[in-house]
Amino acid sequence: MDSAGSSGFTRRGLLAAFAATAVVAAPTYANAFGFLKGAGDIRRIRMYSGRTGENLDLIYWIEGDYIPEALDEINHFMRDWRSDTVKKIDARTIDIAAASHRLLDVSEPYMLLSGYRSPATNAMLRSKSRGVARNSLHMAGQAADLRLRSRSVSQMYQAATACNAGGVGKYSRSNFVHMDCGPIRTWGR
């Protein structure tokens, strides 16, 4: 996997060092992140999955470039756990989640409820709930349903809406916020 050159440094080791020393993420997707200018030249995402028991804490963007290996890890983490199907996650969705997380000023990782959904999984969920869209952006790898224990759904919704960068849905009864990189729109209670 990681190969150390004569210096003894690996790419993963370097990224881990950045993650250990860098506390801020500075997404700059569309209009969403003008308020974060000057906050640093990295983007970091932290999530865990109660379904799979997996954790994700990584820097996925440094100095204007996405890190392909980090995006691959995100794709795997956000897979459809029901079918173990992996799809490329649109990095703009991760940018929105990272910017919202930064606005909320929390160290707690997001709990990922749903990332990519295969068409079969989406159809199954749609048969059980009116809140699942037929053409959900989850099936395109462009959406995430997220929760934080330390912040209310309203606080998360306000932070994501402040990014002005995609769709934000508030699901108060189910205690999560939907974030996507589709057209700017909001919904929910």
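Observations, loosely collected:
- FRET efficiency, R134 to T186 (Cβ-Cβ, R0 22 Å, nearest 0.05): 0.65
- Within-13-Å neighbourhood charge of D84 [Cβ basis; K, R +1; D, E -1]: +3
- Based on C-alpha pairs under 8 angstrom that are at least 6 apart in sequence, segment 38-189 has a relative contact order of 20 percent.
- Other-chain or far-sequence residues with amide H under 5 Å of R46's (modelled H): Y110
- Accessible area of segment 32-189 divided out per residue, in Å², using a probe of 1.4 angstrom: 49 Å²
- Here segment 114-185 carries DSSP beta bridges of which approximately 90% are antiparallel, counting only pairs with both residues inside.
- Cut-off under 5 Å, modelled amide H: who pairs with G141 long-range: R117
- One quarter of the surface of the convex hull around the alpha-carbon atoms of segment 81-131 equals 4.7 nm², the direction-averaged projected area.
- In order through segment 166-172: 3J(HN,Hα) via Karplus (6.51 cos²θ - 1.76 cosθ + 1.60), integer Hz, x for Gly, Pro: x, x, 9, x, 9, 10, 4
- Karplus-derived HN-Hα couplings along segment 80-92 (A = 6.51, B = -1.76, C = 1.60, θ = phi - 60°), whole Hz, x at Gly and Pro: 6, 5, 5, 10, 6, 9, 9, 9, 5, 8, 5, 4, 5
- Take each peptide in 157-169, 47-59, 79-91, count the other Cβ atoms within 10 Å of every residue, and average; sorted highest first, the result is 157-169, 79-91, 47-59.
- Phi angles of segment 175-189 translate, via the Karplus equation with coefficients 6.51, -1.76, 1.60 and θ = phi - 60°, into HN-Hα couplings of 6, 8, 10, 8, 10, 9, 9, x, x, 5, 6, 9, 7, x, 10 Hz per residue; Gly and Pro are given as x.
- Relative intensity, log₁₀ I(q)/I(0), of segment 148-189 from a Debye sum that treats every alpha carbon as a point, q = 0.16, 0.26, 0.34 Å⁻¹: -0.33, -0.82, -1.22
- Shape category assigned to segment 54-160 from the gyration tensor of Cα positions, a/c cut at 1.5: oblate
- Carbon plus sulfur fraction of accessible area for segment 45-162, probe 1.4 Å, in percent: 47 percent
The values are calculated or read from the model by the stated rules, or taken from the named source; none is laboratory data. Just so you know, these numbers come straight off a predicted model, no measurement behind them. Because the Cβ atoms are built from the backbone with ideal geometry, glycine has one as well, and the counts that use them run over all protein chains shown. Protein only, heavy atoms only, side chains kept; ligands, DNA and RNA dropped before computing areas. Shrake-Rupley method; radii C 1.70, N 1.55, O 1.52, S 1.80 Å.
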